[in-house]
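Comments concern the structure below.
We did not get these values from a lab; they are worked out from the coordinates using the rules stated. Since the model is a prediction, treat every value here as computed from it, not as a measurement. Ideal geometry is used to build each Cβ from the backbone, glycine not excepted, and the neighbour counts take in all protein chains shown.
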Amino acid sequence: MTDAELPAAALRVILKRAVEASYHRLSVDGDTSTNDTLVLLANGASGVRPEAKELARVEEKITGVMEHLAQAIARDGEGAKKFVTIEVSGAPSDDAAARLARAIANSPLVKPPSPAPTRIGAASFPPPATPVWSSIPAKPISGCKASLSAAAAWPRHFPKPN
């Protein structure tokens with residue numbers, strides 16, 4: 001919730017992009033929750049109406065909060081011991097990078113405590129008959145690289161709420 005005055009159309013666009021950058025990038029055992037709801041409200045109580053050039057900053061802050069909350073969902077997952085981040089570089093588009101990262105995150109080949117790089121590669125380019133890859137070319141994305149980093153579910157710099 002924000003107390004800024006934001007037009008509904010602008011709020012809708014901000015929410016859509018922030019969800020794509022946060023909750024839609026989350027994978028907890030490859031499942032999608034059917035029980036979650038997300039609402040973004042702008043009640044205008046402050047009387048502050050951001051100008052068009054300030055909306056990017058508002059969007060950045062809302063996205064940051066949503067990324068933090070999405071990570072908290074993964075860190076709070078039942079039995080969560082590790083929080084893994086997948087970074088993709090060199091992809092031709094954000095969509096291609098997201099699809100590659102999701103394929104890696106959801107692959108059982110990458111689930112061991114310390115997956116070998118060959119397993120990450122295998123998860124990145126499965127056989128073309130794999131249903132999740134039906135819209136992705138079977139050949140590697142030129143110049144695209146993926147890397148994994150893992151940390152304890154609740155490292156010191158991200159304190160677990162009580």
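Ordering 100-106, 10-16 by mean Cβ neighbour count within 10 Å, with the highest value first, yields 100-106, 10-16. Mind checking which aspartates and glutamates have their Cα closer than 13 Å to the Cα of K82? Skip sequence neighbours fewer than 8 apart in that chain. Within reach: D29.
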